[in-house]
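**Q** Following this message is one structure expressed as structure tokens.
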Amino acid sequence: MTAAYLDLSEKELHQRADQAYEIYRSCKVCPHACEVDRTNGETGFCGQEDTLHISSSVQHFGEEPPLVGSNGVGNLFVTACNLRCDYCQNYQISQEWSEKTKGTKSETEESYQKTASAMLRLQEDGVHFIGWVSPSHVVPGLLKSLSLAREKGLRLPIIYNTNSYDAIETLKLLEGVVDIYLPDLKYADHEMARQLSHIKSYPEFSRQAALEMFRQVGPLSIDDDGLAKKGVLVRHLVLPGQLTSTWETLCFVALEMSASVPLSLMSQYRPVHKASSTLDRAITRDEYDQAIAWANELGFESLFLQSLESKVHNLPDFSSPNNPFPLDSTRNSLNV
């Protein structure tokens, strides 16, 4: 496989990273558009300045089969998030991270060097891809790190693993850089997004973002070895009692993107962290079967499913950053 960014000159990739970094000066990296100067220690919704904090960098086997292959994804789990999901399974790093203070310029540059080194180490471990997990609020820092890693020999394709609360102008800077987009389209309802993830206008922003990703790379294509090459794979987490949102989300993907976009229907919801009484249970077999039936009715050409029999779905524990997935194995998925 050939990473898209290798078609750019080192100079062009570096310039792209510098262009993205300028957004930090009046931050509109994500749809919150806080307009704080993160280069001067100010922070907005995500609580992050321009220093890049990676909570964990691991060889991960818990993604869909075309992303896992035989050697897994080299995932960088980014600290903090631009959502505040009450039920977040990664809450230890997305919401309970320690408050950071503004680092010096040299410390910020060092954070980019460390992230570049982490990507190169994962490449040496034999992973198929580098995955940026929850990257929406730190794209400039990740581009800076990628530019440094590429100069030192990084050649692996990039997976952009996102909650879909992404700004279009930021995504445009990733065109020709990201090979595979992995958006999780969470909600079709404004009020649900506000109540459960404490954000505004999620349906509009997430759908615009998904359409931009699709414009850049099209539906996911897979090589003869079963590994992803390029494109979009959409995820949707089925929530208990929220099937209307599931139906509307699936209709959007099938009818406004394409039924050729592979769909990953996730059944792994568990009432963790601050899950409210309305979401105090796992989904039922009937709920999941209904979601699958709708996906088939809408003509999705490829589905990835999870087994409901798994009791924990391998919930991560980021108190052990070097091994947050001690029971890691390939996702219980299949093509339909």
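**Q** Of all the residues that make up the stretch 269-309, how many are over 16 Å from Leu239 (Cα atoms) and under 24 Å from the mean Cα position of the chain (by Cα)?
**A** The qualifying residues number 5.
**Q** Starting from the stretch 19-37, keep only residues that are of a type in the set (Val, Ile, Thr), then list their pairs with residues that are not in a loop (DSSP other than H, G, I, E, B) whose Cβ atoms are within a distance under 6 Å, requiring at least 6 positions of separation or different chains.
**A** Final answer for the pair search is Val29/Ile23; Val29/Val139; Val29/Thr170.
**Q** A further question on this structure: For the stretch 232-244, state whether one or more residues are under 17 Å from Phe300 (Cβ atoms) and in contact with a His (Cβ under 9 Å, 6 or more places away or on another chain). Break it down stepwise before answering.
**A** Residues of the stretch 232-244 that are under 17 Å from Phe300 (Cβ atoms), as a first pass: 232-238, 243.
Among the residues that remain, those that are also in contact with a His (Cβ under 9 Å, 6 or more places away or on another chain) are: none.
Looking for residues that are under 17 Å from Phe300 (Cβ atoms) and in contact with a His (Cβ under 9 Å, 6 or more places away or on another chain), one finds none in the stretch 232-244, hence no.
**Q** Given the options Glu309, Glu287, Glu297, name the one that is of a type outside the set (S, T, N, Q), farther than 25 Å from Glu175 by Cβ and at pLDDT below 95.
**A** Details: Glu287 fails: at pLDDT below 95; Glu297 fails: at pLDDT below 95.
From the options Glu309, Glu287, Glu297, the qualifying one is Glu309.
**Q** When only residues in the stretch 228-256 that are touching a Phe, Trp or Tyr at 6+ places or on another chain (Cβ under 8 Å) and of a type in the set (Ser, Thr, Tyr) count, which is surrounded by the fewest Cβ atoms within 10 Å (Cβ to Cβ)?
**A** Ser245
**Q** From the list Glu96, Glu35, pick out the single residue that is on the phi > 0 side of the Ramachandran plot, surrounded by fewer than 19 Cβ atoms within 10 Å (Cβ to Cβ) and assigned to a loop (DSSP other than H, G, I, E, B).
**A** Working: Glu96 fails: on the phi > 0 side of the Ramachandran plot.
Selected residue: Glu35, the only one of Glu96, Glu35 that is on the phi > 0 side of the Ramachandran plot, surrounded by fewer than 19 Cβ atoms within 10 Å (Cβ to Cβ) and assigned to a loop (DSSP other than H, G, I, E, B).
**Q** Scan the stretch 1-32 residue by residue and report those that are modelled with pLDDT of 95 or more and outside any helix (DSSP H, G or I). Before the answer, list the steps.
**A** Here is the first cut: in the stretch 1-32, the ones modelled with pLDDT of 95 or more are 3-32.
Once the filter is applied, which keeps residues that are modelled with pLDDT of 95 or more and outside any helix (DSSP H, G or I), the stretch 1-32 yields Ala3, Leu8, Ser9, Cys27, Lys28, Val29, Cys30, Pro31, His32.
**Q** Which ones in the stretch 102-137 are assigned to a loop (DSSP other than H, G, I, E, B) and either touching a residue at least 12 places away in the same chain (Cβ under 8 Å) or touching a helix residue (DSSP H, G or I) at 6+ places or on another chain (Cβ under 6 Å) (or both)? First the steps, then the outcome.
**A** Initial filter on the stretch 102-137 (assigned to a loop (DSSP other than H, G, I, E, B)): 102-104, 125-128, 134-137.
Within the stretch 102-137, Lys102, Gly103, Asp125, Gly126, Val127, His128, Ser134, Pro135, Ser136, His137 meet the criteria.
The values are calculated or read from the model by the stated rules, or taken from the named source; none is laboratory data. Remember, predicted model here, so these are calculated numbers, not experimental data. Neighbour counts are summed over all protein chains in view; Cβ atoms, including those assigned to glycine, are modelled from backbone coordinates with ideal geometry.
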